[in-house]
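A.B. asks: Sharing a structure below in structure tokens format, with a few things to ask.
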Amino acid sequence: MKDFSTFDILGPIMIGPSSSHTAGAVKLGKIAMEISNGNFYKVEFYLHGSFAKTYKGHGTDKALVAGILGFEPSDDRIRNSLNIAKNKNIDIKFIEKDLGYQHPNTVKILFKYRDKKDFYVIGSSIGGGNIVITDINGDIVEFTGDLPTMILKYKDKKGIISKISSILSNNELNIATMKVTRDKDIATMICETDSKLSKNIIDEISNLSEITYSRFMNPIRR
Amino acid sequence: MFNKGSELLNLCNEKNKKISEIVLLKEQSFSDLTIEEIREKMMDALDVMKESANAALNQKIVSVSGMTGGDSKKVEDYRKNNKPLSGVFINSAMAKALSTSEVNASMGRIVAAPTAGASGILPSAILSAKEKLDLSDEELVNGLFTASGIGEIVAKNATISGAEGGCQAECGVAAAMAAGALVEMSGGTPEQALDAASFALINVMGLVCDPVGGLVEYPCALRNASGVVNAFTSADLALAGVKSLVPFDEVVEAMYRVGKALPETLRETALGGLAATPTARRVTGNSPQ
């Protein structure tokens, strides 16, 4: 039986009207932004299912944009996020699209850059403000952002996983989950840990010569 | 520490503690925060609740869709200037519940309790009780822990999602949480608190989730208003000594089975009930989306 914190029942503190269509959407936008490479000039949101049908009335559009601006689900500025994005010269577009066999509250967030290739993240808002990220630029993944999470890409060869796990254990960090997928010789690792990813750990891991892409996310616990 | 109402009651009786105290101890074992820090965090939630429950009493707040709003102020004005049939206290509580619901629908800040759709009930219940019983904020925080303990048992053994169990799982559970809190804040026993929570669930067993246009507005706000009334009458029944023949855990189980038996059209899909009426279709066809 899943155990709950008191604040899972009385909470989150959030901007309404819907934990799945608003609070979850902010989280999706924020995590996608953290995974992306920054400095995007345009973001396209492909809305699927219930997101496509009810996004305006639930403020899902404002919530997603607030997320890519880095706001938290309790931030008062969510309702003005479209204007804030405009003032920052970020071009925003919403497109209703059938993304295939997906959870009803799913969005594909596509970041566009002037100097490099597009980058996208797909995720779903699965209820109560909880989310799951399922696709990063074609890599099929599954993580919720509830735990500290790192995403690594590296040229697959022996010994890298053990290098990473020894950095974690030397810093007394427990691994909660670790998943590795491979596409030809490029491996993608999603690793969730029980406690915060410190600057030390982030530096050590991202400085490994084999690593070609790394992102580290520490969730803010209310 | 506890998964069932019966286990919670046993803990209360063994340790001679209130429900709120047991819930607080459990939270401490769950997180790495101190008791003081956990209480502070709950005080933050209380602050948000105070704001949301009062914001729409004196000004009209309209939803993002433009479909609803302004009802909290209407009820507040009515209870101030008239002799409401159900009394000033009940009308004041309804106005507060509507206020949080309207703040929620306008993209204002609320505490999901247990969900955003049902977020008006608990704040109104404890803040109305504060006025009536002259309670301190610390006592309200205790009430919130009691409420959360009751909500947790339902979340573990049934559901608090309208998509899974209908509105009984959202506004019904919020009323049950509030009823339990009201009993404890009024000096009732843990048994009475769970009886009150049972009554609140029993009163709306089978209540469907049929939001017009799929939006958290109508009839959600109305059911928040009736939900807080449900909480107060359920608490009064229990404090009067009325006992629930069927114990809380079995009421929760029954509520879960009823929720599962509801057709999908009546579980937050906006395909049945009020959402499927000609008026709902007309209104949402004309709405900005």
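The values are calculated or read from the model by the stated rules, or taken from the named source; none is laboratory data. Because the structure is a prediction, the values reported are computed rather than measured. Don't worry about glycine lacking a Cβ; one is built from the backbone with ideal geometry, like all the others, and counts go over all protein chains shown. Side chains included, ligands, DNA and RNA excluded: accessible areas come from the protein's heavy atoms. Shrake-Rupley method; radii C 1.70, N 1.55, O 1.52, S 1.80 Å.
A.B. asks: Here is a list: A:126, A:109. Which entry is assigned by TED's automatic domain parsing to the domain that holds residue A:16, open to solvent by 30 Å² or more (accessible area, probe 1.4 Å) and not in a loop (DSSP other than H, G, I, E, B)?
C.D. replies: Selected residue: A:126, the only one of A:126, A:109 that is assigned by TED's automatic domain parsing to the domain that holds residue A:16, open to solvent by 30 Å² or more (accessible area, probe 1.4 Å) and not in a loop (DSSP other than H, G, I, E, B).
A.B. asks: If the requirement is being under 22 Å from residue A:3 (Cβ atoms) and among the polar types (S, T, N, Q), which of these qualifies: B:68, B:34?
C.D. replies: From the options B:68, B:34, the qualifying one is B:34.
A.B. asks: Same structure again: Would you call residue B:213 surrounded by fewer than 24 Cβ atoms within 10 Å (Cβ to Cβ) and part of a helix (DSSP H, G or I)?
C.D. replies: Judged against the criteria, residue B:213 is a match.
A.B. asks: Count, please, the residues in region B:257-289 that happen to be open to solvent by 60 Å² or more (accessible area, probe 1.4 Å), under 24 Å from residue B:154 (Cα atoms) and not in a loop (DSSP other than H, G, I, E, B).
C.D. replies: Summing the residues that are open to solvent by 60 Å² or more (accessible area, probe 1.4 Å), under 24 Å from residue B:154 (Cα atoms) and not in a loop (DSSP other than H, G, I, E, B) in region B:257-289 gives 4.
A.B. asks: Let me ask something else about it. Show the residue pairs that are 6+ apart or on different chains and have beta-carbon atoms under 8 Å apart, the first residue being within region B:133-158 and facing another protein chain (nearest Cβ under 9 Å) and assigned to a helix (DSSP H, G or I), the second being open to solvent by less than 10 Å² (accessible area, probe 1.4 Å) and of a type in the set (Asp, Glu).
C.D. replies: Matching pairs, first to second residue: B:145/B:27.
A.B. asks: Would you mind finding the one in B:163, B:125 that is more than 17 Å from residue B:235 (Cα to Cα), touching a residue at least 12 places away in the same chain (Cβ under 8 Å) and within 14 Å of chain A (Cβ to nearest Cβ)?
C.D. replies: B:163
A.B. asks: Kindly indicate whether any position in region B:179-192 is open to solvent by 10 Å² or more (accessible area, probe 1.4 Å), in contact (Cβ under 8 Å) with a residue 24 or more places away in the chain and within 30 Å of residue B:279 (Cβ to Cβ).
C.D. replies: No: zero hits.
A.B. asks: Look at residue A:133 and say whether it is open to solvent by less than 30 Å² (accessible area, probe 1.4 Å) and part of a strand (DSSP E or B).
C.D. replies: It is true that residue A:133 is open to solvent by less than 30 Å² (accessible area, probe 1.4 Å) and part of a strand (DSSP E or B).
A.B. asks: Let me ask another. When residues of region B:9-21 are filtered for being touching a helix residue (DSSP H, G or I) at 6+ places or on another chain (Cβ under 8 Å) and away from chain A (no Cβ under 13 Å), how many remain?
C.D. replies: Qualifying residue count, region B:9-21: 7.
A.B. asks: Can you tell me which residue among B:70, B:66, B:149, B:87 is surrounded by 19 or more Cβ atoms within 10 Å (Cβ to Cβ) and among the small types (Gly, Ala, Ser)?
C.D. replies: The unique qualifying residue is B:149.
A.B. asks: Those residues that are assigned to a helix (DSSP H, G or I) and either in contact with a Leu (Cβ under 9 Å, 6 or more places away or on another chain) or hydroxyl-bearing (Ser, Thr, Tyr) (or both), I need them from region B:1-25; list them, please.
C.D. replies: B:5, B:6, B:8, B:9, B:11, B:15, B:19, B:20, B:22, B:23, B:25
A.B. asks: In this structure, is residue B:130 of a type in the set (Lys, Arg) and either closer than 23 Å to residue B:222 by Cα or not in a helix (DSSP H, G or I) (or both)?
C.D. replies: Here the answer is yes, as residue B:130 does meet what is asked.
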